[in-house]
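Quick notes on the structure that follows.
The values are calculated or read from the model by the stated rules, or taken from the named source; none is laboratory data. Fair warning: this is a prediction, and the values are worked out from it, not measured in the lab. Here the Cβ positions follow ideal geometry from the backbone for every residue, glycine too, while neighbour counts run over all protein chains shown.
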Amino acid sequence: MLPDIENLLQLQEADREIRRLNEEIAALPRRVAVIEAKLADTKAELEKAKAAIKADEVARRKYETAIQDLQGKISKYRDQSLEVKTNEQYRALLHEIQFAEQEIRSNEDKILELMVNAEAREKQVKAAEAELKAETAEIEKEKADARERTAEDEKQLTEWNAKRDKLRGGFAPDLLRQYERVSKFRGTGIAEVRDQKCMGCQVMLRPQTYNEVRSGDRIVYCDSCQRVLYFNPANEVAAERAPQPPRRRPRPKSDAPQAWFYRPDYGHEGEVFLVFTNANDGSSRRIYDLHTGRQIGDTLIREGEYHLAFPEDLPSAIRLNGSWSEEEMDTWGAEMPTSVLDALQGDLRAARKETSGHSHAEPDQARAVASEHPAVS
């Protein structure tokens with residue numbers, strides 16, 4: 001892995017920690033505000049309960065005063081009844097006395113109701129006071145924890161900022177500018193590549209780009225999100241396969257419209273893969289370097305099927321398994337994907353191993369193998 005990639009990963013870690021700490025520091029005052037608002041609500045409930053008790057006391061005194069006034073009126077009416085001279089006057093005074101006594105009973109009922117409510121309100125006040133006391137202690141502890149956490153965050157923030165400043169000084173200006181520009185808009189400026197995909201934007205890479213990232217020879221950017229790309233072999237997703245007993249290598253079909261071959265001595269190019277594809281009344285040929293997968297020259301098209309159109313390419317060639325459409329191969333550009341290159345190289349190893357095994361067979365068996373697997377199909 002390039003030193004710049006390793007340093008960018010450290011810089012991205014520093015940026016993430018700085019962002020996290022800034023967000024946490026900014027959130028702590030809001031958390032304290034929520035805590036204090038909760039305490040204020042509890043205080044308000046307590047004050048409301050106390051105010052209700054005071055209001056009941058005022059109402060009770062009002063009813064008691066009204067009862068005293070009515071009792072005074074009753075006494076006055078009774079004194080007057082001793083001095084009246086007619087029955088009508090006596091009945092009128094008696095009616096006033098009865099009305100006053102009824103008002104007294106009504107006020108006494110209200111006082112009794114207030115006394116019953118007073119017990120409930122006293123319990124409510126005591127409960128609110130206990131809750132306020134407990135919340136105050138808890139809130140003071142939370143505020144102290146928040147202040148302590150803020151101090152620790154600020155200390156870490158200072159350390160991460162110093163580390164970030166030191167890391168930034170080790171990059172070329174263009175690379176640092178690109179990383180910070182992408183980080184500003186996308187949150188991150190560097191992304192891992194897995195299975196030919198940018199894990200930052202989840203877009204598949206072109207085969208050539210993927211191979212360049214895997215080689216780790218230079219800085220490569222994602223064509224889609226512009227993040228710096230890196231490859232970690234330890235994180236490459238490998239296909240999980242259950243153990244299987246050894247099986248014979250599949251035989252390429254001789255009448256297939258497409259045929260892949262290996263040539264160990266293709267002129268000055270050396271070891272190459274050749275692929276021939278029959279289509280309509282003609283055929284095409286592409287050549288790829290065995291080791292890098294890079295295409296050699298342009299695609300050549302001739303009339304007739306490939307074994308008639310390209311007879312000079314077939315001597316000493318080993319037929320391989322492989323089938324990819326012309327459209328798919330067009331998308332490869334100047335270099336086949338690593339997965340294709342690995343598949344062809346693996347099949348070549350299997351073919352060589354198979355050939356080596358046949359060389360130790362009995363003469364009759366060797367002749368049978370040669371008839372089943374000709375060098376040219």
Given (1) of a type outside the set (K, R); (2) free of Cβ contacts under 8 Å to residues at least 60 places away in the same chain; (3) assigned by TED's automatic domain parsing to the domain that holds Q10, where does G187 come up short, assuming only one miss? (3)
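Assess whether W260 counts as being among the hydrophobic types (A, V, I, L, M, F, W, C) and either under 42 Å from the mean Cα position of the chain (by Cα) or part of a helix (DSSP H, G or I) (or both). Quick ask: steps written out before the conclusion?
Values: among the hydrophobic types (A, V, I, L, M, F, W, C): yes; either under 42 Å from the mean Cα position of the chain (by Cα) or part of a helix (DSSP H, G or I) (or both): no.
Against the criterion (among the hydrophobic types (A, V, I, L, M, F, W, C) and either under 42 Å from the mean Cα position of the chain (by Cα) or part of a helix (DSSP H, G or I) (or both)), W260 does not qualify.
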Just checking, which of D174, D153 is at pLDDT 85 or above, surrounded by 12 or more Cβ atoms within 10 Å (Cβ to Cβ) and acidic (D, E)? D153
Just to be sure, is D145 in the same structural domain as I74 (by TED's automatic domain parsing) and buried (at least 17 other Cβ atoms within 10 Å of the Cβ)? no
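For T86, state whether it is of a type in the set (S, T, N, Q) and in contact with an Asp or Glu (Cβ under 7 Å, 6 or more places away or on another chain). Break it down stepwise before answering.
Details: of a type in the set (S, T, N, Q): yes; in contact with an Asp or Glu (Cβ under 7 Å, 6 or more places away or on another chain): no.
It is false that T86 is of a type in the set (S, T, N, Q) and in contact with an Asp or Glu (Cβ under 7 Å, 6 or more places away or on another chain).
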Go through (1) outside any helix (DSSP H, G or I); (2) of a type in the set (D, E, K, R); (3) within 60 Å of the chain's Cα centre (by Cα) one by one and return the number of the condition E83 breaks. (3)
What number of residues within the range 275-308 satisfy the criterion of being charged (D, E, K, R) and touching a helix residue (DSSP H, G or I) at 6+ places or on another chain (Cβ under 9 Å)? 6
Which listed residue is outside the structural domain of Y210 (by TED's automatic domain parsing) and crowded, with 18+ Cβ neighbours inside 10 Å, from P311, P337: P337
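So that you can scan it fast, the table gives a plain yes or no per residue for (1) surrounded by 13 or more Cβ atoms within 10 Å (Cβ to Cβ); (2) at pLDDT 85 or above:
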site: K76; (1), (2): yes, yes
site: S81; (1), (2): yes, yes
site: E88; (1), (2): no, yes
site: L132; (1), (2): yes, no
site: L157; (1), (2): yes, yes
site: A162; (1), (2): no, yes
site: Y179; (1), (2): yes, yes
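Within the range 95-107, can you find the residues that are out of contact with any helix residue (DSSP H, G or I) (no Cβ under 7 Å at 6 or more places or on another chain) and in contact (Cβ under 8 Å) with a residue 12 or more places away in the chain? Break it down stepwise before answering.
Taking the range 95-107 first, the residues out of contact with any helix residue (DSSP H, G or I) (no Cβ under 7 Å at 6 or more places or on another chain) are 95, 98-99, 102, 105-106.
Correct list: empty.
Say whether the condition of being farther than 20 Å from A334 by Cβ, modelled with pLDDT of 90 or more and outside the structural domain of G304 (by TED's automatic domain parsing) is met by at least one residue in the range 210-220. Spell out how you get there, then give the answer.
Applying the first criterion (farther than 20 Å from A334 by Cβ) to the range 210-220 yields none.
No, there is no match, as no residue in the range 210-220 is farther than 20 Å from A334 by Cβ, modelled with pLDDT of 90 or more and outside the structural domain of G304 (by TED's automatic domain parsing).
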Any residue at all in the range 17-24 that's surrounded by 15 or more Cβ atoms within 10 Å (Cβ to Cβ), under 22 Å from the mean Cα position of the chain (by Cα) and farther than 30 Å from P173 by Cα? yes
Filter result (touching a helix residue (DSSP H, G or I) at 6+ places or on another chain (Cβ under 8 Å) and surrounded by 17 or more Cβ atoms within 10 Å (Cβ to Cβ)) within the range 193-207: V193, Q196, G200, L205, P207
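Only one of A37, A55 is surrounded by fewer than 11 Cβ atoms within 10 Å (Cβ to Cβ), in the same structural domain as E142 (by TED's automatic domain parsing) and under 30 Å from A134 (Cα atoms); which?
On the way: A55 fails: surrounded by fewer than 11 Cβ atoms within 10 Å (Cβ to Cβ).
One residue alone meets the criteria, A37.
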Evaluation of G169 against (1) in contact with a helix residue (DSSP H, G or I) (Cβ under 8 Å, 6 or more places away or on another chain); (2) under 19 Å from N7 (Cβ atoms) (one fails), failing number: (1)
Quick one: count up the residues across the range 303-330 that are in contact with a Pro (Cβ under 9 Å, 6 or more places away or on another chain) and free of Cβ contacts under 8 Å to residues at least 24 places away in the same chain. 0
